[in-house]
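Every number here is computed from the coordinates shown, using simple stated rules; none is lab data. As the structure is a computational prediction, the values presented were derived from the model and not from experiment. Don't worry about glycine lacking a Cβ; one is built from the backbone with ideal geometry, like all the others, and counts go over all protein chains shown.
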Amino acid sequence: MEIGLLILGIIAGILSGLFGIGGGIVMVPALIAFFGRTILDANATSLTAMLLPVGILGVISYYKAGYIHLKDALWISFGLLTGSFFGSELAVNIQETLLGKLYACFLLYIAIDYLNIPALIRRKNNPQKAATESFHPVWQFIALGIITGIIAGMFGKGGGLVIVPALIKLFGYEPKKAAATSLAALQLPVGLPGIIVYAENGHLHIMNAAIIAIGIVAGAFLGTKLAINMSSAIFKRVYAFFLVIMAFYMVYKI
């Protein structure tokens with residue numbers, strides 16, 4: 001089982017570095033499907049595996065390439081720290097089947113939004129300019145972090161699935177900069193309040209999380225290298241396709 005957890009960590013790390021998502025999007029379904037964990041146990045393991053700065057090698061690569069907005073990432077981290085507690089409290093107090101279905105719906109929404117299908121339909125008759133970066137007050141980044149932290153606490157992931165699309169759509173970030181800034185925001189121990197809630201309710205398996213974390217360190221570095229060399233258009237399509245697959249899987253499995 002240890003080898004399987006290590007491989008899972010490497011895969012999660014690659015996706016983390018590639019998309020800035022933290023890796024929970026693959027860890028939670030995989031722990032349920034292949035390791036027999038409940039969704040709450042999987043959430044706790046996923047959050048714990050990402051507690052230490054396991055993606056730091058990827059962050060360094062992105063920073064050297066000039067993709068990270070460091071101050072924005074720090075304010076988002078502050079909001080994440082607050083929101084993760086409330087999300088975890090919600091998760092342990094609702095039915096697990098309902099939690100799984102909510103997770104699947106959330107993934108589908110993000111995928112459709114990321115593909116921007118309505119805009120594609122209107123494009124021929126009403127061309128639109130791409131969003132451009134502009135100044136945003138600090139409270140907006142903190143609010144994004146709080147909302148993301150609640151969702152992350154509920155679904156056992158770092159929160160990049162919310163941060164990346166929001167930075168692109170609402171803050172005018174270029175996709176690679178959004179992924180890089182998201183990954184940087186997730187390096188602080190923002191999931192700690194949520195982990196404490198899960199641990200108090202008996203859902204934490206710390207050794208499993210430690211093994212996965214080792215794999216994430218190596219995988220995140222590789223994923224970052226792939227992202228830096230990938231075109232933004234391909235990057236967005238690959239990300240959206242991945243989300244759709246995971247959403248349908250969650251509907252089927254849970």
Next item on the list: Could you list the residues of the range 1-36 with an amide nitrogen less than 12 Å from a label point located 7 Å from the Cα of residue 207 in the Cα-to-C-beta direction?
Entry: 1-2
Check: What order do you get for 138, 190, 164, 238 when you list them from fewest to most C-beta neighbours inside 10 Å?
Finding: 138, 238, 164, 190
Notebook entry, point to check: When the Debye formula is applied to the Cα atoms of the range 147-194, each taken as the same point scatterer, what base-10 log of I(q)/I(0) results at q = 0.13, 0.25 Å⁻¹?
Noted result: -0.27, -0.87
Checklist line | Burial ordering of 169, 64, fewest other beta-carbon atoms within 10 Å first | finding: 64, 169
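So how do 171, 141, 106, 241 line up by other beta-carbon neighbours within 10 Å, fewest first? Walk me through the numbers before you get to the answer.
Numbers: 171 21, 141 25, 106 18, 241 13.
With the sparsest Cβ surroundings first, the list reads 241, 106, 171, 141.
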Checklist line | Pairwise label distance in nanometres, residue 170 with residue 3, each label 7 Å out on the Cα-Cβ vector | finding: 4.5
